[in-house]
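The values are calculated or read from the model by the stated rules, or taken from the named source; none is laboratory data. Keep in mind that this is a model prediction, so the values were computed, not measured. Heads up, the Cβs are rebuilt from the backbone with ideal geometry, glycines too, and the neighbour counts pull from every protein chain shown.
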Amino acid sequence: MSKKNNDEIKLSIPNKPEYVSVVRLTVTSIANRMGFDIEKIEDIKVAVAEACTNAITHGKNEEDNFLVDFIMEEDKLVVNVSDNGRGCTTLNEIKNPDLDHLNHEKEGGLGIFIIRSLMDNVQIISNHGSGTIISMTKYMGEDH
């Protein structure tokens, strides 16, 4: 019986927008190494960047870091982005935006909509006062 080894890479990233490119480059390299095609790599890269932007926006302050955890499994890549922000107890109330009538003053939820549309599975875990984790999964192969 052989045991599957899942490789894992963890990053602690400063809560500053200029470091999102570091995460984008990292996830691109990981997904490429795993054998994802260019289209899926682009989807993963955009989704992860959106999650990082959310972490920066909702993180407590610039002195904090947010965490990015990459878990490489045989048939999928799981990326978890965690912040130390105030959290949110109304996640179920986030609705998909009305793309025909975007209000540029209040575009909340657009990032989550983008993440959900690009990744195969998205889970958001958030509790008031303890931050938020966005867990995103992309499967290998054409059937997902």
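When the stretch 2-38 is limited to residues that are assigned to a loop (DSSP other than H, G, I, E, B) and in contact (Cβ under 8 Å) with a residue 24 or more places away in the chain, the one that is farthest from Asn54 (Cα to Cα) turns out to be Lys4.
Residues checked against (1) among the hydroxyl-bearing types (Ser, Thr, Tyr); (2) surrounded by 19 or more Cβ atoms within 10 Å (Cβ to Cβ); (3) modelled with pLDDT under 95; (4) in contact with a helix residue (DSSP H, G or I) (Cβ under 6 Å, 6 or more places away or on another chain):
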| site | (1), (2), (3), (4) |
| --- | --- |
| Tyr19 | yes, no, no, no |
| Val23 | no, yes, no, yes |
| Glu39 | no, no, no, no |
| Val68 | no, yes, no, yes |
| Ile71 | no, no, no, no |
| Cys88 | no, no, yes, no |
| Leu102 | no, no, yes, no |
| Lys106 | no, no, yes, no |
